[in-house]
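As structure tokens, the structure follows; a few thoughts come after it.
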There are 2 protein chains.
Amino acid sequence: MRTEEKIFEAAFRVFQLKGFKGARMQEIADEAGINKAMLHYCFKNKELLFEAVFMNAFGKLAPQINEIFKSQDSIFEKIKKFTDSYISFVIDYPFLPQFIIQEMNNNPEFVTKFLEKENRPDPTKLIHQIENEIKLGILKPINPKQLLIDIFSMTVFPFAAQALLKGMIQVSNEEFMQLMEERKKYIYEQIITSIKK
Amino acid sequence: MRTEEKIFEAAFRVFQLKGFKGARMQEIADEAGINKAMLHYCFKNKELLFEAVFMNAFGKLAPQINEIFKSQDSIFEKIKKFTDSYISFVIDYPFLPQFIIQEMNNNPEFVTKFLEKENRPDPTKLIHQIENEIKLGILKPINPKQLLIDIFSMTVFPFAAQALLKGMIQVSNEEFMQLMEERKKYIYEQIITSIKK
DNA sequence: ACATTTGTTAACCAAATGGTTAAACCAAAT
DNA sequence: ATTTGGTTTAACCATTTGGTTAACAAATGT
């Protein structure tokens with residue numbers, strides 16, 4: 001179904017840029033190069049179209065996150081893999097993080113709705129692992145949740161707050177992406193240094 | 001002007017929660033306990049009301065940020081003061097960061113508009129200072145911009161991605177705020193450990 | 001060949017929404 | 001007491017917006 005895809009991709013772009021409330025069905029139709037009625041023919045209504053887009057967006061990110069939560073690697077290895085693969089991925093979808101965060105904040109019910117899914121990112125195993133490696137004396141005694149927050153903060157924030165950051169530290173889009181490229185390795189080194197005993 | 005304040009505070013709450021596009025003038029009027037026409041009497045239109053709120057919001061945060069950019073302290077001291085005072089402040093306005101980031105992303109023109117102000121946060125001095133302390137051998141050789149991004153990421157992200165984080169690591173609002181309280185000291189220690197030579 | 005389902009459109013509709021108007025209210029000045 | 005100025009409201013208006021309808025075209029099955 002060619003048309004359905006065109007709509008979906010148009011919706012993906014528009015929703016990502018304008019958010020749910022800001023997006024206009026007409027704009028999505030124009031972007032897809034079809035009549036507005038087609039939107040409702042293919043995707044009942046705005047909510048459902050948005051939900052499809054949002055779940056797809058989250059579905060793209062979840063595997064990246066789950067990797068770090070589920071794999072058998074050591075903490076160090078996990079952090080290395082995560083920062084690298086997450087940033088690599090997000091460089092290709094630079095507006096995904098802010099989109100997901102924004103809509104989660106604006107529609108808190110999404111959070112619960114999403115946590116009901118089976119493959120939801122669940123950090124409990126990782127947290128146990130951290131606690132264990134602390135006991136073993138591999139890591140300094142820190143709050144595992146804080147470390148988790150660190151990892152996400154360092155990787156996700158620059159993309160989520162892109163506009164503000166670019167403006168504040170005065171870098172072009174190219175320089176910014178260059179910084180992010182450099183950041184893959186950088187984050188890993190910083191975090192390891194700060195938690196290794 | 002009692003009414004004007006009531007409107008402003010109502011708008012502050014509603015805009016923060018729903019964003020510019022999501023906020024309804026009627027809702028702001030209800031929240032302020034006045035007639036919708038009063039909004040337009042006091043603040044011409046939605047854009048102007050929003051701009052007042054947004055600039056005020058940013059105006060509250062800017063001093064916190066400028067402190068770290070302008071003071072004469074050492075890097076270590078700056079980071080300590082910043083994380084502590086920023087988080088303390090934001091605990092009282094937990095939705096400010098996401099609000100500012102969201103609207104900056106949705107209205108990129110705000111960024112340029114804001115960068116024109118005189119008291120805009122300007123990190124060049126801090127960056128020079130970092131470069132200098134690296135030369136002096138106090139800090140490891142790192143990219144100063146990365147360090148800057150780290151500091152913001154670690155402090156701001158948890159608030160900006162509040163809904164997602166709370167859901168993912170499964171903490172109540174109280175536990176979350178407790179984590180943030182703990183985080184004031186934690187961030188400082190982590191960063192120092194990772195950059196001190 | 002023909003009927004039926006599927007895809008597509010232009011025109012239309014009702015509700016929501018930002019914004020306006022004209023009248024009422026009310027305190028202070030005259 | 002009356003005027004006058006700002007303040008407040010109810011009712012109204014124009015536009016936008018999500019959504020529908022009915023007609024039409026294009027496949028698709030028989």
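A few notes on this one:
- Drop in accessible area of at least 50 Å² in the complex versus isolated chain, residues of the range A:149-172, 1.4 Å probe: A:ILE149, A:ASP150, A:SER153, A:PHE157, A:ALA163, A:LEU164, A:MET168, A:ILE169
- Using a 7 Å Cα-to-Cβ projection, A:LEU17 label spacings across copies, nm, ascending: 3.1
- Rounded, prolate or oblate (a/c below 1.5 giving rounded, otherwise prolate when a/b exceeds b/c) for the protein assembly as shown by Cα gyration tensor: oblate
- Sorted shortest first, the distances from the B:LYS135 label point to those of the same residue in the other copies are 5.0 nm; each point sits 7 Å from Cα along Cα-to-Cβ.
- Spatially, the range B:56-114 and the range A:16-83 are offset by 29 Å when compared through their Cα centroids.
- Site pair A:LYS117 and B:MET38 shows an inter-label distance of 4.4 nm when each label is modelled 7 Å from Cα along Cα→Cβ.
- For A:GLN72, the label point sits 7 Å beyond Cα toward Cβ; its separations from the matching points on the remaining copies run 6.0 nm, from shortest to longest.
- Net charge of Cβ neighbours under 9 Å - reference A:THR83; Lys, Arg +1; Asp, Glu -1: +4
- Remark on A:ILE34: its backbone amide H falls under 5 Å from none of the residues 5 or more positions apart or on other chains, H modelled at 1.01 Å from N.
- Accessible area buried by the pairing of B and A, both sides summed with a 1.4 Å probe, works out to roughly 4600 Å².
- Local net charge near B:ALA163, Cβ-Cβ under 11 Å (Lys/Arg +1, Asp/Glu -1): -1
- Heavy atoms of the protein chains alone define the surface here; on that basis the range A:1-131 has 48 Å² accessible area per residue at 1.4 Å probe size.
- The calculated FRET efficiency for the pair B:GLU9 and B:GLU175, based on their C-beta separation and a Förster distance of 30 Å, comes to about 0.60.
- Net lengthening on full extension, B:ILE192/B:ASP92 (0.36 nm per residue, minus Cα-Cα): 33.4 nm
- Gaussian network model of chain B, springs between alpha carbon atoms under 10 Å - residue of B:GLN26, B:GLN102, B:GLN64 with greatest fluctuation: B:GLN26
- Threshold 50 Å², the range A:83-114 residues less accessible with all protein chains present than alone (1.4 Å probe): A:ILE101, A:GLN102, A:ASN105, A:ASN106
- Partner lysines whose Cα lies under 20 Å from the Cα of B:LYS125, excluding those fewer than 8 positions away in the same chain, are identified as A:LYS166, B:LYS70, B:LYS78, B:LYS80, B:LYS81, B:LYS117, B:LYS135, B:LYS140, B:LYS145, B:LYS196.
- Solvent-accessible area, 1.4 Å probe, carbon plus sulfur percent, for the protein assembly as shown: 54 percent
- The Rg/Rh ratio for chain B is 1.03, where Rg is the radius of gyration of the alpha carbons and Rh is the Kirkwood radius.
- Helix screen, chain B: DSSP H segments with Cα axial length of 18 Å or more and mean Kyte-Doolittle hydropathy at least 0.0 are B:46-70, B:75-92, B:144-160.
- Cα-only radius of gyration and Dmax that characterise the range A:1-43, units Å: 9.2, 27
- Those aspartates and glutamates that a straight Cα-Cα span of less than 12 Å connects to A:LYS113, excepting residues fewer than 8 apart in one chain: A:GLU51
The values are calculated or read from the model by the stated rules, or taken from the named source; none is laboratory data. Given the structure is predicted, the values throughout are model-derived calculations rather than measurements. Every residue, glycine as well, gets a Cβ built from its backbone with ideal geometry; the counts of neighbours run over all protein chains shown. In case anyone asks, the SASA skips ligands and DNA or RNA and just uses the protein heavy atoms, side chains included. Shrake-Rupley method; radii C 1.70, N 1.55, O 1.52, S 1.80 Å.
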